[in-house]
Every structure is written in structure tokens, then in C-alpha cells.
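Asker: The structure follows.
The values are calculated or read from the model by the stated rules, or taken from the named source; none is laboratory data. Since this is a predicted model, take the numbers as computed values, not measurements. Counting neighbours? That spans all protein chains shown, and the Cβs are built from the backbone with ideal geometry, glycine included. Accessible surface areas use protein heavy atoms only, side chains included; no ligands, DNA or RNA. Shrake-Rupley method; radii C 1.70, N 1.55, O 1.52, S 1.80 Å.
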Amino acid sequence: TAYATSKDGIHWEKPIMNMVEVNGSKQNNYIIPEMLSHTYNIIDDPSDIAARRYKMIFQVESNEGQWAKDHMPLCLSYSHDGIHWKRPTHVNPVIRGISDGGWGFIYDPDRRKYQLYTRRVPNLPRDISLYESYDLVNWEDKGRVLVPGDEHDPPDTFNFQGMQPFYYEDFCLALLNTHYSLPGAETYEVYNKAPDDYPNRRLGQVDIQLAYSRDGVTWSRPDDRSPVIPNGPAGSRDGGVIFVPSSAPIIRNGETWIYYFGYRHAHNTWSHFQYLEDH
């Protein structure tokens with residue numbers, strides 16, 4: 001994981017951090033060493049002391065976990081500057097067996113609670129579930145808050161990959177990752193390309209839609225399920241998958257800036273390997 005700064009959100013500088021050795025040198029901007037996988041959400045928490053100003057909920061992957069095919073547990077870390085991170089060994093992991101991917105992490109200042117929006121296990125169809133905590137160590141399962149496949153969804157809206165909530169004036173809004181898959185046969189679709197004459201050409205695509213709440217607990221979706229960020233044309237940088245960011249959008253001069261991950265291939269195995277073969 002590397003560190004960069006920007007004064008305008010567009011032009012970025014990569015300072016030399018001298019923290020992590022890569023190829024025999026620390027002359028780089030890395031702040032966290034290389035791992036098989038390191039996925040995280042970070043919040044700037046005004047409710048705590050300066051030494052724990054930044055909070056990170058994260059997961060790391062291991063060869064043993066891959067062999068066991070387990071769902072990685074979530075752990076806690078904190079920092080005074082967002083660069084140097086402490087991991088409290090006496091509490092980690094703080095929550096187990098709920099997700100194999102992205103989640104949303106916010107602090108509700110009115111209720112003084114941390115809220116974690118993630119997928120539970122078993123997770124087909126993949127939902128959005130809520131866990132709440134006062135201390136980031138003890139978590140209460142609040143149940144499912146959003147499940148795909150209601151009367152406004154097309155049949156192929158089968159999974160939610162994740163959700164990133166954020167406060168916007170009187171609302172709690174959220175960027176919702178909507179995954180188009182084959183209802184009742186997701187595993188088949190992951191490994192097998194649909195026939196050329198199959199009517200649905202969106203299998204494996206992931207876009208971003210909107211959800212909203214007054215309290216962060218009871219969530220709704222607009223009847224219009226048009227994406228907030230649609231996929232680009234086939235072959236473009238975001239033509240296959242758009243993943244929500246791991247932090248809230250930036251509100252700047254009345255504009256909402258959303259940074260996201262884009263992929264040319266779809267969210268399935270055959271598309272991924274086809275892309276690697278072609279390129």
C-alpha cells in the first residue's frame with residue numbers, strides 16, 4: 001500500500017517515505033508491506049483521542065486461508081497520522097466469517113456508533129448486512145439491510161458486491177455495487193461464457209447504484225435503478241466492472257467527486273482469463 005497527497009484531488013505527489021524496502025531500497029512511497037491481499041476501509045474519527053484519530057478495518061489474505069477456502073476475518077488498526085499503523089494484538093480479529101470482499105465503514109456521531117456494512121456468509125444472493133459497535137471490538141449483528149431481487153430489479157440483478165455509505169446533509173447515502181449474474185446458477189456463469197445468442201449481455205458486469213437512509217439502519221433504493229456510475233463501452237477501462245471506493249466521496253465546492261476502481265473484464269473467471277490471453 002502506497003501513500004500519495006494532492007491539493008486538488010487530480011494532481012498527485014508521491015513522497016519518499018523510507019518505510020518499506022522494495023527491491024533493496026526504501027526510496028519509495030510504500031507505507032504497508034506487500035501481502036497476498038490487503039483490503040481496508042479507513043475513517044477519520046473525530047470522536048477519539050489524537051493517537052487513534054484514524055481507524056482501519058482490514059482483512060489480509062494468507063496461503064493457509066486460500067488452502068482452507070475460508071472467509072477472511074476482519075481486523076482493527078489505528079493511527080495518529082494515517083501512515084503509521086498499530087494493530088492491537090489482544091483484540092484482533094474483531095469480527096469473523098462475514099465477508100470475502102468489500103464493505104463500508106462509517107461512524108454515526110448522533111448515535112455514537114461505528115457501522116460496518118458487509119456481506120454475511122453464506123452469501124448467495126450476496127446481501128448488505130449491518131454490524132454496529134461502540135468500541136470496534138464488540139459487534140452487534142443488526143441483520144440484512146438490503147437484499148437484491150425486488151420488484152424493481154431485473155432478474156439478473158442477483159448480487160450486491162458491497163456498499164460504501166456516507167453522510168450528505170440530512171441523509172445517509174450509499175454507493176451500492178450491483179452485480180449482474182445468472183439467477184440460480186451463478187457458479188455456472190462464473191466459469192462458462194454465455195452463448196452468443198443469449199439475450200442478456202450484461203452477465204458479470206458490476207456498476208454502482210444509489211441507496212439512501214435517514215438513520216443508517218433502515219435502507220431504501222430508488223425505484224429507478226439506473227446506475228449512478230454506468231459501465232463504459234466494451235473494452236474500455238470500466239467496461240466490465242466498477243467497484244465502489246473504500247472511502248466516502250469527496251464534497252468539494254458543491255460537487256461530489258467519486259473515485260472508483262474500473263476493470264475491462266467482467267466479474268467472472270472466463271472473462272478474466274480471456275482478457276489476460278488477449279493482452
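Asker: Being within 30 Å of P15 (Cβ to Cβ) and in a strand (DSSP E or B) is the filter here, so list the residues in segment 83-96 that pass it.
Answerer: Let us first name the residues in segment 83-96 that are within 30 Å of P15 (Cβ to Cβ), namely 83-89, 92.
Result: K86, single match.
Asker: H71 fails exactly one of the following numbered conditions: (1) touching a residue at least 24 places away in the same chain (Cβ under 8 Å); (2) surrounded by fewer than 16 Cβ atoms within 10 Å (Cβ to Cβ); (3) assigned to a loop (DSSP other than H, G, I, E, B). What is the number of that condition?
Answerer: Every condition holds for H71 apart from (2).
Asker: Take the residues in segment 167-199 that are hydrophobic (A, V, I, L, M, F, W, C), surrounded by 20 or more Cβ atoms within 10 Å (Cβ to Cβ) and out of contact with any Ser or Thr (no Cβ under 8 Å at 6 or more places or on another chain); name whichever of them is nearest to T157 (Cα to Cα).
Answerer: Ranking the candidates gives L182 first.
Asker: Right, another one. Would it be correct to say that L210 is aliphatic (A, V, I, L, M) and either surrounded by 11 or more Cβ atoms within 10 Å (Cβ to Cβ) or in a strand (DSSP E or B) (or both)? Full working, then the answer.
Answerer: On the way: aliphatic (A, V, I, L, M): yes; either surrounded by 11 or more Cβ atoms within 10 Å (Cβ to Cβ) or in a strand (DSSP E or B) (or both): yes.
The answer is yes for L210.
Asker: Let me ask another. Taking L146 and the conditions (1) touching a residue at least 40 places away in the same chain (Cβ under 8 Å); (2) under 26 Å from S77 (Cα atoms), which numbered condition does it fall short on, given that it satisfies the others?
Answerer: All conditions pass for L146, except number (2).
Asker: Taking only segment 28-48 into account, find how many residues are of a type outside the set (D, E), part of a loop (DSSP other than H, G, I, E, B) and open to solvent by 50 Å² or more (accessible area, probe 1.4 Å).
Answerer: Filtering segment 28-48 down to residues of a type outside the set (D, E) leaves 28-33, 35-43, 46-47.
Then drop every residue that is not part of a loop (DSSP other than H, G, I, E, B), which leaves 28-29, 31-33, 35-37, 46-47.
Next, from what is left, pick out any that are open to solvent by 50 Å² or more (accessible area, probe 1.4 Å): 33, 35-36, 46-47.
The total comes to 5.
Asker: Filter segment 220-264 for residues that are in contact with an Asp or Glu (Cβ under 9 Å, 6 or more places away or on another chain) and of a type in the set (A, V, I, L, M, F, W, C); which is surrounded by the most Cβ atoms within 10 Å (Cβ to Cβ)?
Answerer: Ranking the qualifying residues of segment 220-264, first place goes to I242.
Asker: Filter segment 127-141 for residues that are open to solvent by less than 60 Å² (accessible area, probe 1.4 Å), more than 17 Å from P165 (Cα to Cα) and without any contact (Cβ under 8 Å) to a residue 60 or more places away in the chain and give the result. Give the derivation first.
Answerer: In the first step, residues of segment 127-141 are kept if they are open to solvent by less than 60 Å² (accessible area, probe 1.4 Å); the result is 127-133, 136-137, 139.
Filter again for more than 17 Å from P165 (Cα to Cα), leaving 136-137, 139.
Within segment 127-141, just W139 meets the criteria.
Asker: Continuing with the same structure: Of the conditions (1) farther than 27 Å from Y30 by Cβ; (2) in contact with a helix residue (DSSP H, G or I) (Cβ under 7 Å, 6 or more places away or on another chain); (3) not acidic (D, E), Y78 fails just one. Which one is it?
Answerer: (1)
Asker: Within segment 80-87, does at least one residue satisfy the condition of being closer than 15 Å to S37 by Cα and open to solvent by less than 50 Å² (accessible area, probe 1.4 Å)? Steps first, answer last, please.
Answerer: So in segment 80-87, the residues closer than 15 Å to S37 by Cα come out as none.
Looking for residues that are closer than 15 Å to S37 by Cα and open to solvent by less than 50 Å² (accessible area, probe 1.4 Å), one finds none in segment 80-87, hence no.
Asker: Hey, among R144, R202, which residue is more than 19 Å from the chain's Cα centre (by Cα), open to solvent by 20 Å² or more (accessible area, probe 1.4 Å) and at pLDDT below 95?
Answerer: On the way: R144 fails: more than 19 Å from the chain's Cα centre (by Cα).
Matching residue, one of R144, R202: R202.
Asker: Identify all residues within segment 116-126 that are surrounded by fewer than 22 Cβ atoms within 10 Å (Cβ to Cβ) and either touching a Lys or Arg at 6+ places or on another chain (Cβ under 8 Å) or at pLDDT 85 or above (or both); write none if there are none.
Answerer: First, the residues of segment 116-126 that are surrounded by fewer than 22 Cβ atoms within 10 Å (Cβ to Cβ): 120-125.
Selection gives R120 alone.
Asker: Here is a follow-up. Do any residues in segment 1-19 that are closer than 19 Å to W257 by Cα and open to solvent by less than 60 Å² (accessible area, probe 1.4 Å) have Cβ atoms under 8 Å from those of residues that are modelled with pLDDT under 95 and not basic (K, R), where the two are at least six apart or on different chains, and which pairs are they?
Answerer: Hits for this filter: G9/I250; G9/W257.
Asker: Of the conditions (1) within 25 Å of H272 (Cα to Cα); (2) open to solvent by 20 Å² or more (accessible area, probe 1.4 Å); (3) touching a residue at least 40 places away in the same chain (Cβ under 8 Å), G162 fails just one. Which one is it?
Answerer: Going through (1) within 25 Å of H272 (Cα to Cα); (2) open to solvent by 20 Å² or more (accessible area, probe 1.4 Å); (3) touching a residue at least 40 places away in the same chain (Cβ under 8 Å) one by one, G162 breaks only (2).
Asker: Name every residue in segment 97-116 that is more than 16 Å from D135 (Cβ to Cβ), in a loop (DSSP other than H, G, I, E, B) and touching a residue at least 24 places away in the same chain (Cβ under 8 Å), in order of residue number.
Answerer: Applying the first criterion (more than 16 Å from D135 (Cβ to Cβ)) to segment 97-116 yields 97-104, 110.
Imposing the further condition that a residue be in a loop (DSSP other than H, G, I, E, B) reduces the set to 97-103, 110.
Correct list: G97, I98, S99, D100, G101, G102, W103.
Asker: What residue, of Q66, Q59, is buried (at least 17 other Cβ atoms within 10 Å of the Cβ) and either in contact (Cβ under 8 Å) with a residue 24 or more places away in the chain or assigned to a loop (DSSP other than H, G, I, E, B) (or both)?
Answerer: Working: Q66 fails: buried (at least 17 other Cβ atoms within 10 Å of the Cβ).
Just a single option satisfies the conditions, and that option is Q59.
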